[in-house]
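Colleague: One structure, as structure tokens, below. Some questions next.
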Amino acid sequence: MQKDKIFLFLILVVIIVVIFGFDLSSSIFEKWGLSNDTAIKNFPVLAKGIYVTFRTAGNYRIDEILELAKKTELNALVIDVKDCTGRVPFDTDNEIIDKIGSEKIYIKNIKELIKKIHDQGIYVIARIAVFEDNYLARERTDLALKGPGGGLWENNNGLTWVDPASQEVWDYNLEIAKEAIKVGFDEINFDYIRFPSDGNTTNIVYPFWDYRTQKEEIIRQFFEYISQKLKPTGIPISADLFGLTLISTNDLNIGQWLENAAPYFDYICPMVYPSHYPPGFLGFENPAEHPYEIIYDAVKIGNERLASISSAAKIRPWLQDFDIGANYNARMIELQKKAVYDAGGFGWILWNPKNIYTEDGLDLDETEDLQK
């Protein structure tokens, strides 16, 4: 009899859920002050995108970017909401962000901008540079990596970092992600989710990392944290990883391990720039001159590794559209895209730090790539 009552109760719960359409994401949206009409209605089946700085997004050049998208296959933009300078480019009215003082308004009306982009049927991704944060490190030196003399540690570009093991740093970046969702971004992309790789990394003093816990475990814990906090919203999240993580058998001493990221993100976005592979890789004296082979090999192996752990995460790589190692003309862009498709990748994003892209390397508009 007791079992029958329990069974009937469970049936009743299921009926209530079906009838009233209970959705955990709705409660999260209400808690954060979101409205359900903020996200784009047409999600790209395969994101074909480009990177856009917040400076470009906030001036006349965004119209040039949108015109390029209108003429070509592009259906996604990745826009910085915090880059390595640590600046947040729009007004958030968030107490935690206000207290840090990181806002520097480059985009005067972020909601209006996103609506303008959405009206063109374009998927908008918010990029957050997490642990390389020059502003936060200098404003909150208690969170920053130090040199042996007690001063701020700087990498080869003179930029400072905050400690990847700091819970407060995690919370701060979560707040930025929440603000991006509030204003209508369709996906949150996390970059610099690792320990430093360049500069004199042997003499860094970490204020929070205990030096005993493996770097890869610290980064995995951050992945888990950000996933637990954001997955209930239903907004996709993505992780930028070094390209070598797809083939590496260790964490590259930066804490990035493909299998540790896969359970927590919808998209894995490796930076498979051919110019960043060492001489002799795959037998090529200059890997930058062989984009198809480099990218095909990386994405294929990455997909095999994800399949081996039954991961639902999809590989959507960053591709090179800048002249390092070789002249990256239209043919080089086309070869990279072909490599992604042939290896089973799920879309791609082109990177050019100046936001100057090779139009001839893009196909003409293909509206069928957007769900109606």
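Matching residues to (1) surrounded by fewer than 22 Cβ atoms within 10 Å (Cβ to Cβ); (2) of a type outside the set (A, V, I, L, M, F, W, C); (3) touching a Ser or Thr at 6+ places or on another chain (Cβ under 7 Å):
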site	(1), (2), (3)
Asp133	no, yes, no
Leu136	no, no, yes
Ala144	no, no, yes
Pro148	yes, yes, no
Asp163	no, yes, no
Tyr172	no, yes, no
Glu179	no, yes, yes
Lys215	yes, yes, no
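Colleague: Here's another thing I want to ask about it. Which of the residues belonging to the range 340-368 are under 16 Å from Asp321 (Cβ atoms), among the aliphatic types (A, V, I, L, M) and touching a strand residue (DSSP E or B) at 6+ places or on another chain (Cβ under 9 Å)?
Modeller: Val340, Ile349, Leu350, Leu362
Colleague: Then there is this: Any residue in the range 244-265 that's without any contact (Cβ under 8 Å) to a residue 40 or more places away in the chain and among the charged types (D, E, K, R): show its pairings with residues that are crowded, with 20+ Cβ neighbours inside 10 Å and assigned to a loop (DSSP other than H, G, I, E, B) at Cβ separation under 7 Å, as long as the two are six or more apart or on different chains.
Modeller: The qualifying pairs are Asp251/Trp257.
Colleague: Then there is this: Could you grab me the full set of residues in the range 228-255 that are in contact with a Pro (Cβ under 8 Å, 6 or more places away or on another chain) and assigned to a helix (DSSP H, G or I)?
Modeller: Within the range 228-255, Gly243, Thr245, Leu246 qualify.
Colleague: Further question on the same structure: Has the range 190-208 got any residue that is assigned by TED's automatic domain parsing to the domain that holds Asn75, among the polar types (S, T, N, Q) and under 20 Å from Leu136 (Cα atoms)?
Modeller: Scanning the range 190-208 turns up at least one residue that is assigned by TED's automatic domain parsing to the domain that holds Asn75, among the polar types (S, T, N, Q) and under 20 Å from Leu136 (Cα atoms).
Colleague: Could you grab me the full set of residues in the range 264-296 that are in a loop (DSSP other than H, G, I, E, B) and within 23 Å of Asn327 (Cβ to Cβ)?
Modeller: Selection gives Val272, Tyr273, Tyr277, Pro278, Pro279, Gly280, Phe284, Glu285, Asn286, His290.
Colleague: Here's a follow-up. Limited to the range 332-354, what total is found for residues that are over 23 Å from Glu64 (Cβ atoms) and either surrounded by fewer than 17 Cβ atoms within 10 Å (Cβ to Cβ) or out of contact with any Lys or Arg (no Cβ under 7 Å at 6 or more places or on another chain) (or both)?
Modeller: 7
Colleague: Is there a residue in the range 66-81 that is over 18 Å from Val162 (Cα atoms), hydroxyl-bearing (Ser, Thr, Tyr), part of a loop (DSSP other than H, G, I, E, B) and in the same structural domain as Gly184 (by TED's automatic domain parsing)?
Modeller: Checking the range 66-81: not a single residue is over 18 Å from Val162 (Cα atoms), hydroxyl-bearing (Ser, Thr, Tyr), part of a loop (DSSP other than H, G, I, E, B) and in the same structural domain as Gly184 (by TED's automatic domain parsing).
Colleague: Do any residues in the range 126-152 that are at positive phi have Cβ atoms under 9 Å from those of residues that are acidic (Asp, Glu) and surrounded by fewer than 15 Cβ atoms within 10 Å (Cβ to Cβ), where the two are at least six apart or on different chains, and which pairs are they?
Modeller: none
Colleague: Let me ask something additional. Given the range 82-200, what helices (runs of 4 or more DSSP H) lie entirely inside it while holding 2 or more residues that are within 16 Å of the chain's Cα centre (by Cα)?
Modeller: Those helices (runs of 4 or more DSSP H) span 167-182.
Colleague: Another question, then. Any residue that is buried (at least 16 other Cβ atoms within 10 Å of the Cβ), free of Cβ contacts under 8 Å to residues at least 40 places away in the same chain and either hydrophobic (A, V, I, L, M, F, W, C) or not assigned by TED's automatic domain parsing to the domain that holds Val78 (or both) - is there at least one of those in the range 267-282?
Modeller: Checking the range 267-282: at least one residue is buried (at least 16 other Cβ atoms within 10 Å of the Cβ), free of Cβ contacts under 8 Å to residues at least 40 places away in the same chain and either hydrophobic (A, V, I, L, M, F, W, C) or not assigned by TED's automatic domain parsing to the domain that holds Val78 (or both).
Colleague: Same structure again: Give the residue that is nearest to Asp163 (Cα to Cα), with candidates limited to residues of the range 133-149 that are touching a Leu at 6+ places or on another chain (Cβ under 7 Å) and small (Gly, Ala, Ser).
Modeller: Here the residue is Ala144.
Colleague: Among the candidates Val124, Val205, which residue alone is aliphatic (A, V, I, L, M), at pLDDT 95 or above and surrounded by fewer than 17 Cβ atoms within 10 Å (Cβ to Cβ)?
Modeller: Val205
Colleague: Continuing with the same structure: Which of the residues that make up the range 297-320 are part of a loop (DSSP other than H, G, I, E, B) and either without any contact (Cβ under 8 Å) to a residue 12 or more places away in the chain or surrounded by fewer than 23 Cβ atoms within 10 Å (Cβ to Cβ) (or both)?
Modeller: Matches in the range 297-320: Ile309, Ser310, Ser311, Ala312, Ala313.
Colleague: While we're here: So Asn260 ticks every box in (1) out of contact with any Phe, Trp or Tyr (no Cβ under 7 Å at 6 or more places or on another chain); (2) among the polar types (S, T, N, Q); (3) within 30 Å of Thr233 (Cα to Cα) but one. Which box is left unticked?
Modeller: Unmet for Asn260, out of (1) out of contact with any Phe, Trp or Tyr (no Cβ under 7 Å at 6 or more places or on another chain); (2) among the polar types (S, T, N, Q); (3) within 30 Å of Thr233 (Cα to Cα): (1).
Colleague: Here's something else I'd like to know. From the list Ile294, Ile226, which one is touching a helix residue (DSSP H, G or I) at 6+ places or on another chain (Cβ under 6 Å), assigned by TED's automatic domain parsing to the domain that holds Ser310 and surrounded by 20 or more Cβ atoms within 10 Å (Cβ to Cβ)?
Modeller: It is Ile294.
Colleague: Could you say whether any residue in the range 181-199 is more than 22 Å from Ile349 (Cβ to Cβ) and either of a type in the set (Ser, Thr, Tyr) or in contact with an Asp or Glu (Cβ under 7 Å, 6 or more places away or on another chain) (or both)?
Modeller: Yes, the range 181-199 contains at least one residue that is more than 22 Å from Ile349 (Cβ to Cβ) and either of a type in the set (Ser, Thr, Tyr) or in contact with an Asp or Glu (Cβ under 7 Å, 6 or more places away or on another chain) (or both).
Colleague: Given the structure, is Trp318 in contact with a Gly (Cβ under 9 Å, 6 or more places away or on another chain), among the aromatic types (Phe, Trp, Tyr) and in the same structural domain as Ala57 (by TED's automatic domain parsing)?
Modeller: So Trp318 fits the description; yes.
The values are calculated or read from the model by the stated rules, or taken from the named source; none is laboratory data. Being a predicted model, the structure only gives us computed values, none of them experimental. All Cβ positions, glycine included, derive from the backbone under ideal geometry; neighbour counts span all protein chains shown.
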